[in-house]
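> Dropping a structure here in structure tokens format, bear with me for questions.
The values are calculated or read from the model by the stated rules, or taken from the named source; none is laboratory data. Predicted model only: the values in this text are computed from it and were never measured. Neighbour counts run over all protein chains shown; Cβ positions are idealised from the backbone, glycine included. Each accessible area value is taken on the protein alone, full model and side chains, heavy atoms only, with ligands, DNA and RNA left out. Shrake-Rupley method; radii C 1.70, N 1.55, O 1.52, S 1.80 Å.
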Amino acid sequence: MSDCIFCKIAEGEIPSNTVYEDDSFRVILDLNPANEGHCLVIPKKHAEDIFELDSQTAAAAFKTAKKIAEAVKKAFGCDGINILQNNGEAAGQSVGHFHIHVIPRYHGDAVVIKSQAVKNMNPEDFVKTRDKIIKSL
Ligand code: AMP
Ligand code: ZN
């Protein structure tokens, strides 16, 4: 994609602080880090989001995220790590090229990544919800 900033970064046309690169991925420091060491795993092949991403690249991307998470934990001695991946504006995606965030976390840090309960579900609701997803697999 000629006008995609992450394609340009992945191909090295736009400079970045690269921490890892292979034939399929470039891993860079996020320009606006949640904490020091916040990395982005970027596939070199353009895919807008998880729906466009092929399964092989999806598997390899998570493997790369694990490798980076281990390095970040070793480098910063963080207490935890969030692996975050946004799809669609509604989910907070701001760059339309699939990427995985690797975010070091510390007890009591100021980072807010929440999956808070906002829906009240009774046991019958759970069964309906479960069956909707199973039917769509
Ligand atoms: P998302 O909101 O999940 O799409 O994440 C996009 C991330 O890309 C944000 O955390 C931005 O700070 C980061 N970002 C945007 N442009 C650049 C850039 N040129 N170099 C490094 N990180 C960037
Ligand atoms: Zn792209």
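> Quick check on the chain: helices-only [θ] at 222 nm, where DSSP H runs of length 4 and up contribute -39,500 (n - 2.57) each and the sum goes over total residues. Nearest 500, please.
Working: 3 runs with 42 residues, N = 137.
Calculated from helices alone, the mean residue ellipticity at 222 nm is -10000 deg cm²/dmol.
> If you take the beta carbon distance between Glu36 and Glu124 as r and set R0 to 41 Å, what does 1/(1 + (r/R0)^6) give as a FRET efficiency, to the nearest 0.05? Spell out each step's value before the answer.
Values: r = 47 Å, r/R0 = 1.14.
For Glu36 and Glu124, the calculated efficiency is 0.30.
> Now for a different question. Excluding ligands and nucleic acids, what accessible area in Å² is computed for Phe62 using a 1.4 Å probe, to the nearest 10?
Counting only protein heavy atoms, the figure is 130 Å².
> Highest GNM mean-square fluctuation, the chain, Cα pairs closer than 10 Å: which of Lys67, Lys114, Lys44?
Looking only at Lys67, Lys114, Lys44, the largest GNM fluctuation is found for Lys114.
> While we're here: Mind checking which of Ala60, Ala34, Ala110 has the largest fluctuation in a GNM of the chain, springs on alpha carbons under 10 Å?
Greatest mean-square fluctuation among the candidates belongs to Ala110.
> Something else: Report ³J(HN,Hα) in whole Hz for each residue of segment 16-21, in order, from the Karplus equation J = 6.51 cos²θ - 1.76 cosθ + 1.60 where θ = phi - 60°; Gly and Pro get x.
Taking θ as phi minus 60°, the curve returns 8, 8, 7, 9, 7, 8 Hz for segment 16-21.
> May I pose another question? Check cross-link reach from Lys67 to the lysines: straight Cα distance under 25 Å, and skip same-chain residues fewer than eight apart.
Lys8, Lys44, Lys45, Lys114
> While we're on this one: From the phi of every residue in segment 87-103, what ³J(HN,Hα) in whole Hz does the Karplus formula 6.51 cos²θ - 1.76 cosθ + 1.60 yield, where θ is phi - 60° and glycine or proline is x?
Karplus values, whole Hz, x for Gly and Pro: 10, x, 3, 4, 9, x, 6, 10, 10, x, 9, 2, 7, 10, 7, 10, 10.
> Express the Stokes-Einstein translational diffusion coefficient of segment 5-136 in µm² s⁻¹, to the nearest whole number, given a Kirkwood radius over alpha-carbon pairs, 20 °C and a viscosity of 1.002 mPa s. Kindly include the intermediate steps, with their values, before the conclusion.
On the way: Rh = 16.4 Å.
Calculated translational D: 131 µm²/s.
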